Structure formats: structure tokens, C-alpha cells
Amino acid sequence: MWKELLPIGRAGSGGYRRFAWTGPDAECRAWFRAQAEARGLAYEVDANGNQWAWAGDKDAGDAVVTGSHLDSVPDGGAFDGPLGVISAFAAHDELRARGVTFRRPFAVVNFADEEGARFGVACVGSRLLTGSLTREGAHALRDAEGVLLPQAMEAAGLDPDALGPEPERLARIGAFVELHIEQGRTLAAASDSAAAGSHRIAVASAIWPHGRWRFDFRGEANHAGTTRLEDRRDPMLTYANTVLAARKKARLAGALATFGKVTVEPNGVNAVPSRVSGWLDSRAPDEETLASVVAQIETAAAERGGRDGVAVEVTRESATPLVEFDHALRDRLVELLGGQVPVLPTGAGHDAGILSASVPTAMLYVRNPTGVSHSPAEFAEEDDCAAGVVALADVLEGLV
């Protein structure tokens, strides 16, 4: 399975460009369907584009579901998302090999557009499913080329007018477990000082609150060679100062703040920009800290903009509150894995976090030796991935 999926959407950087509703995404979705049908699982696509592969009666209720996503960030790694989907199918195979009788319906799921790389909002498929993203909100999403999300979905054969919450579907799910590579090296660091092979797997405790904000800086375009520095209204200066302020405010608060995407108009080497737009990703241990950090960054941007003659506008594009995974399910996973497994929080968002408001949800992490993620250097050892499959199968056997 891994070898089949590995070449799809691979870029010259060695990373992946599997953006929602593009050719590589369609290939990944075709791969998912083929895996479902090869196992005799009932395949379906819900109204929001999420793919499901069912064993048992999907309408019976109290289902056990596992999976993740197949799309990527720009030049992302091979493991973030796909490891959870591949491991879900592999765990299904392991349960069948063990002769496990499924007392509850079981499904593998691939959530659509988890990374938000194309349209700017993360976890679109699961947000629509739960209602945390409205149909109207989804219809307004537009990519960098000006293509609206409904147009992209319609081109892929889906009905954008059908988007929206599916409470009946959610009510039929009794538990959702998502396996994911650890995005950090807490497990690897613990293993460095422990016996070889220790701490390959962890159970998630919580996801930090996080969000995305667009900062628009509007100045005045002018000639780079004839405009005196004191006569300029240069939005790039305001943006650059805001990036530095974000780093400082986050560091002082014990939070995280990243400007990872920027657009410039008119984007000429010999032109003072007229507009710079930068996207802030910020995360913190609690919602009060997150709100405070973002507010301080906004204030710093506005104050610098006032000195530079630049107008600053901030738009919140998405926000996810603190997610505490279901304590009973979390404790059950720890018990099923022998009671000694580490329990870790994370700053990374996941579909499991979105579903947690509607469904008992838990996560497993697989050790990442470098801690690198959202990069071609993202990696997990084959033995650790195999241990993740066994752990997921052990958990599912205790649940199904």
C-alpha cells in the first residue's frame, strides 16, 4: 500500500503537493476506493467529499471508525495523514488475520482537505460534517488562482449544494481513533534515554487551541529607484516588523506564531509594494494565551503601520478551541496498550480534534526520530510504523 501511494503528487523537492480537488488528490481518492473494494468493504462518499469504507451495517449505529487524510501541505512529507489511512487498512487486515469478530460496524475514513493548503481553511471535510464550517462559508472559499471551492468540487463530480452538517452520520459513530506520526520528537527524546525500542507509540491527551489570521498591509506602489525612503508608504516594512513582533510575543507567552505564507503586489523587483498579505498561524496551551498573543501581534502591526503610513486589516479565517480528547476513550486506549504508554498533548490540529465535539475521539502517535513534519524530511522507521499498526489493531480489537 505504501509503495502504491508514495509516487502520487510528488514534487521536485521530494515533498508532496496533494492539494484538495486536484489531479493528485483524485489519484489518492481512487487509491482509497481501490483499497476498500479489494477488501470487500462498502465504499461511499458523503455529501462533503469524505470517503468511507464500511464493514458491517453502516446504519446500525455505535460504529468504530479509524483513518485520517491523504492531502498534503505544499511540499509536505509522506507520513502526515497517509500513515493514518494506510495503518487503518492494515489494522483491518490484522484483525481479519486474528479472526476477530466485529460486534460493531467498522469503517476506515479519508477526510477531505484536511490541510487547507488550497483554500486556506484546515479540516474542511470534517468541519462541514460537524457544522463548524457552514455551506455558505465553504462556498466563499477561493484558491490562489481564483477558483471557488464549489467549482473545484463540482469539477471533481460532487454536488457543492449538498454540503453541510450530517448529524445522523455522526450519531452513528461510537468512537473515532486517528493514528498519526508525532509532529515533534517527545517520543524519540524519551527513547534516547530509555531501552532500545521503547516509546514507539503514544496516546494523545489534548490539542492546543489554534487558528489562522490573514494580515493585509496596504501602502502605495512606487518606483524603487526614484522614491526617497522617507517618502515611501511601504507595506513590506510593516509586514516584516509584524513577523518579528509575532516571534517575540509568542516566545514571551510560551506560545507559537508563524507567518508561513505571504503574497506581494505588484511583486516587482524594482517596485515598492502596494500591498502585502501574510497569513499567521498561532497556537498556545490555552485559549486565553492564544487570544492575548494574537491581540498583541495585531497591536504591533497597527502601531508600525501608523508610522509607515500603511493601513492594516486583520481577518480571522479559522479558529479551533482547546480539544480535550474523550477521557474515557483515552484511558481505554492506554489500558488496551498495556497501561505504560506515554500520554502527550500536541500543538497540531487534526480531524480528530474537529470530531471531538460530536463523537468520542482519541489519537495514537507513532515515533518520529527527527521531529520534523510538514517537510520532505518527515520520517518514521518502518518498524515503528509496523508497531503503530499493531497498536491500532489492538485498540480496535478492544473496541469492535
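For segment 89-107, the count of residues that are under 21 Å from Ala348 (Cβ atoms) and touching a Gly at 6+ places or on another chain (Cβ under 9 Å) is zero. Scanning segment 244-293 for residues that are of a type outside the set (Gly, Ala, Ser), touching a residue at least 24 places away in the same chain (Cβ under 8 Å) and in a loop (DSSP other than H, G, I, E, B) yields Pro266, Val269, Asn270, Pro273, Pro285, Asp286. In this structure, does Gly137 turn out to be of a type outside the set (Asp, Glu), modelled with pLDDT of 95 or more, farther than 21 Å from Phe79 by Cβ and not in a helix (DSSP H, G or I)? So Gly137 does not fit the description; no.
Return the residues of segment 197-218 that are more than 21 Å from Ala122 (Cβ to Cβ) and either out of contact with any Ser or Thr (no Cβ under 6 Å at 6 or more places or on another chain) or among the acidic types (Asp, Glu) (or both); say none if nothing qualifies. Once the filter is applied, which keeps residues that are more than 21 Å from Ala122 (Cβ to Cβ) and either out of contact with any Ser or Thr (no Cβ under 6 Å at 6 or more places or on another chain) or among the acidic types (Asp, Glu) (or both), segment 197-218 yields Gly197, Arg200, Ile201, Ala202, Val203, Arg218. Filtering Gly14, Gly23 for residues that are modelled with pLDDT under 95 and open to solvent by 10 Å² or more (accessible area, probe 1.4 Å) leaves a single hit, Gly14.
Return yes when Ser375 is over 26 Å from Gly9 (Cα atoms) and among the hydroxyl-bearing types (Ser, Thr, Tyr) and no when it is not. No; evaluated as a whole, the condition is false for this residue. Tallying residues that are of a type outside the set (Asp, Glu) and surrounded by fewer than 16 Cβ atoms within 10 Å (Cβ to Cβ) within segment 215-247 yields 8. Please tell me if Gly116 is more than 18 Å from the chain's Cα centre (by Cα) and surrounded by fewer than 24 Cβ atoms within 10 Å (Cβ to Cβ). Here the answer is no, as Gly116 does not meet what is asked. Can you tell me which residues in segment 36-52 are over 19 Å from the mean Cα position of the chain (by Cα) and open to solvent by less than 20 Å² (accessible area, probe 1.4 Å)? Of everything in segment 36-52, those that are over 19 Å from the mean Cα position of the chain (by Cα) and open to solvent by less than 20 Å² (accessible area, probe 1.4 Å) turn out to be Ala36, Leu41, Asp46.
The values are calculated or read from the model by the stated rules, or taken from the named source; none is laboratory data. Values in this document were obtained by computation on a predicted structure and should not be read as measured data. Here Cβ is always computed from backbone atoms with ideal geometry, including for glycine, and neighbour counts include all displayed protein chains. The protein model used for the area step is the full one, side chains on, heavy atoms only, and it has no ligands, DNA or RNA in it. Shrake-Rupley method; radii C 1.70, N 1.55, O 1.52, S 1.80 Å.
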